[in-house]
Amino acid sequence: MMMTTVEAILKRALSGQDLQQDEGVLLLKQTSPDAIAQIRAVADQLRQQLVGDTVTYVVNRNINFTNICEQHCSFCAFRRDQGEAGSFWLAVDQILEKAAEAVDRGATEICMQGGLNPNATINGASLSYYVKLVESIKHQFPKLHLHAFSPQEVQFIARQDGLTYAEVITALREAGVSSMPGTAAEVLDDQVRRVLCPEKIDSATWLEIVSTAHQLGVPTTSTMLSGHIETPEQQIGHLERLRSLQQHSLLNHYPAQITEFILLPFVGQEAPKPLQRRVGRDQPVLADALLLMAVARLYLGRWIANHQPSWVKLGLAGATEALRWGCNDIGGTLMEEHITTMAGAQGGTCVTVEQLQTAIASLGRPHQQRDTLYSKIDPGYQ
């Protein structure tokens, strides 16, 4: 009987209908290898139907400009207090040096995020500091796409300076930010957030900031931090909120939307001990991540077309396998990464274009370099 239900749900997803939350939960709770194989196959089929067989990637550099942070998220091994061993805060010159090296290596994007450092101000204003960072990079490298500052960082700047979210996003956009990472979402469920990141913005604020960005013409990505204390119901609730947000942006003809969904499986090796004990393992369970990625593809359907695994968290082999479970993009070269690596991830912090292409080719699928917003880039681009 259950098999019929799974088959009926998969048939609906493939025909372009939006799944209900209870249907998504039912798919996530499947344990039979046959049912899971069916879910994988249909997610892969839907991916093929929506975006074809080509696997995309972006040549980018990740710059975490500081790990000094006023918050204490229970999963974070990255943050430090000012003056604490291992704390860092890059000067503008150091950031420009990293950007120059990225451009030399063919990067079209700089992804920039950092801790919430109350001392990162110019003349007492937080926004002035962030605007200066952006303008410095854009002045030297006008062609670089700046994918920068999470909804949490936007809220932090707004709170520090007594501004609205729209004022902050507008100023960053005018300075040269072209898109915003949809990080700090963790799980959009306030019960989970109270344990995981009690000082972070709540779900409604995250959704409000991303929606405001779309209204103001700033595209965003979307993410989920999975595999810690959340339930299948909460995972689907998260996907439901992302889907509703995207529908709202599209139906209201906002000039920007969510460009992609990225699953970020929890890495707990160096996480603070209480959460580590509660989760009970150091590295993500690949099988759980793959099933969730397949269900995310089915649940988000035609609303969010691009799906990306995290090779930093799953390793390149795990991320390559995810391309058989509904994903169509393998992410970026990154060149460096500190947040997940400091948590004990084993995926590394840099892959070459050749490594990404080889991984994609191992599945017999074509590869294509893209820009941040999923337009094709000729490999000779510079």
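Relative to the Cα centre, what is the charge dipole magnitude of region 147-192, using +1 at the beta carbon of each Lys and Arg, -1 at the beta carbon of each Asp and Glu, and rounding to the nearest 20 debye?
So the magnitude is around 160 debye.
What FRET efficiency do you get for I229 and K376 if R0 is 56 Å and r is their Cβ-Cβ distance, rounded to the nearest 0.05?
0.90
Could you count how many Lys pairs in region 11-157 have their Cα atoms under 20 Å apart, skipping same-chain pairs fewer than 8 positions apart?
Lysine pairs satisfying the spacing and distance rule in region 11-157 number 5.
Enumerate the calculated ³J(HN,Hα) couplings along region 28-35 in order (Karplus 6.51 cos²θ - 1.76 cosθ + 1.60, θ = phi - 60°), each rounded to whole Hz, writing x wherever the residue is Gly or Pro.
5, 8, 5, 10, 6, x, 5, 5
Quick one: Karplus J couplings for region 289-303, per residue in order, coefficients 6.51, -1.76, 1.60, θ = phi - 60°, nearest Hz, x for Gly and Pro?
Per-residue couplings from phi come out as 5, 5, 4, 5, 5, 5, 5, 4, 4, 5, 6, 7, x, 6, 6 Hz.
What angle do you read, to the nearest 10 degrees and between 0 and 90, between the alpha-carbon axis of helix 232-251 and the longest principal axis of the chain?
It is inclined by approximately 70 degrees.
Which value in deg cm²/dmol, rounded to the nearest 500, describes the helix-derived mean residue ellipticity at 222 nm for the chain, given -39,500 (n - 2.57) per DSSP H run of n ≥ 4 and division by the residue count?
-14500 deg cm²/dmol
About the Cα centre of the chain, how large is the charge dipole given +1 on each Lys and Arg Cβ and -1 on each Asp and Glu Cβ? Please answer in debye to the nearest 20.
The dipole magnitude comes to about 420 debye.
By residue number, which cysteines of the chain lack any other Cys whose Cβ falls under 4.7 Å from their Cβ?
C69, C111, C327, C350, each lacking another Cys Cβ under 4.7 Å.
With every protein chain left in place, what is the accessible area per residue of the chain in square angstrom, probe 1.4 Å?
39 Å²
As a test, work out the antiparallel percent of DSSP beta bridges whose residues both lie in the chain, rounded to the nearest 5.
Taking every DSSP beta bridge within the chain, about 10 percent pair in antiparallel fashion.
With charges set only on the Cβ (+1 for Lys and Arg, -1 for Asp and Glu), what does the dipole of region 1-127 come to about its Cα centre, in debye to the nearest 20?
160 debye
At H139 and Q247, where each label point lies 7 Å from the Cα along Cα→Cβ, what is the point-to-point distance in nanometres?
Placing both labels 7 Å along Cα→Cβ, they lie 4.6 nm apart.
Dipole of the chain (Lys/Arg Cβ +1, Asp/Glu Cβ -1, origin at the Cα centre): which of P232, L196, M112 lies farthest to the positive side?
Sorting the options by dipole projection puts first P232.
Taking θ as phi - 60°, what are the ³J(HN,Hα) couplings along region 141-156 by the Karplus curve (6.51, -1.76, 1.60), each to the nearest whole Hz, with x for Gly and Pro?
3J(HN,Hα) across region 141-156, in whole Hz: 10, x, 7, 5, 7, 9, 9, 9, 6, 6, x, 5, 5, 4, 5, 4.
Of N252, Q17, Q82, which is farthest towards the positive pole of the chain's charge dipole, taken about the Cα centre with +1 and -1 on the beta-carbons of Lys, Arg and Asp, Glu respectively?
Final value for the positive-end residue is Q17.
Just to confirm my numbers, what's the Cα centroid distance between region 136-150 and region 197-214 in Å?
Cα centroid of region 136-150 versus Cα centroid of region 197-214: 23 Å apart.
Compute the helix-to-body angle for 165-175: its Cα long axis versus the longest principal axis of the chain, expressed 0 to 90° and rounded to tens.
So the inclination is approximately 70 degrees.
Which shape class, rounded, prolate or oblate, goes with region 230-324 when its Cα gyration tensor gives a ≥ b ≥ c as root eigenvalues, a/c under 1.5 marks rounded, and past that a/b bigger than b/c marks prolate?
Prolate.
Please list, ordered by chain and number, the residues whose modelled amide H lies under 5 Å from the amide H of V351; skip anything fewer than 5 residues away on the same chain.
Under 5 Å from the amide H of V351: M335.
Among Q45, Q368, A166, pick out the residue whose Cα is farthest towards the positive end of the charge dipole of the chain, where Lys and Arg carry +1 and Asp and Glu carry -1 on C-beta, about the Cα centre.
Looking along the dipole axis, the top candidate is Q45.
Need one word for region 11-108: rounded, prolate or oblate. Basis is the Cα gyration tensor (sqrt eigenvalues a ≥ b ≥ c); a/c below 1.5 gives rounded, then a/b vs b/c decides.
Oblate is the answer for region 11-108, as a/c is 1.5 or above yet b/c matches or exceeds a/b.
Roughly to the nearest percent, how much of the accessible area of the chain is carbon and sulfur, given a 1.4 Å probe?
Accessible surface attributable to carbon and sulfur in the chain totals 51 percent.
Can you check how the C-alpha radius of gyration of the chain compares to 2.2 N^0.38 Å, as a plain ratio?
The reported ratio for this selection is 0.94.
Between region 102-128 and region 271-314, how many Å separate their Cα centres?
Cα centres, region 102-128 to region 271-314: 27 Å.
Using a Cα-Cα cut-off of under 19 Å, which aspartates and glutamates could be cross-linked to K313, ignoring same-chain neighbours fewer than 8 residues away?
E186, E230, E260, E270, D282, D288, E321, D329, E336, E337
Angle check, please: helix 203-215 long axis (alpha carbons) against the longest principal axis of the chain (alpha carbons), in degrees 0 to 90, nearest 10.
Helix 203-215 sits roughly 80 degrees off the main axis of the chain.
May I ask you to derive the FRET efficiency for L90 and D202 from their Cβ-Cβ distance with R0 = 30 Å, giving the value to the nearest 0.05?
FRET efficiency, L90 to D202: 0.50.
List every residue whose amide H lies under 5 Å from the amide H of G332, counting only residues 5 or more places away in sequence or on a different chain, with H placed 1.01 Å from N in the peptide plane.
V58
The values are calculated or read from the model by the stated rules, or taken from the named source; none is laboratory data. Being a predicted model, the structure only gives us computed values, none of them experimental. Note that each Cβ is placed from the backbone with ideal geometry, even for glycine, and that neighbours are counted across all protein chains shown. Side chains included, ligands, DNA and RNA excluded: accessible areas come from the protein's heavy atoms. Shrake-Rupley method; radii C 1.70, N 1.55, O 1.52, S 1.80 Å.
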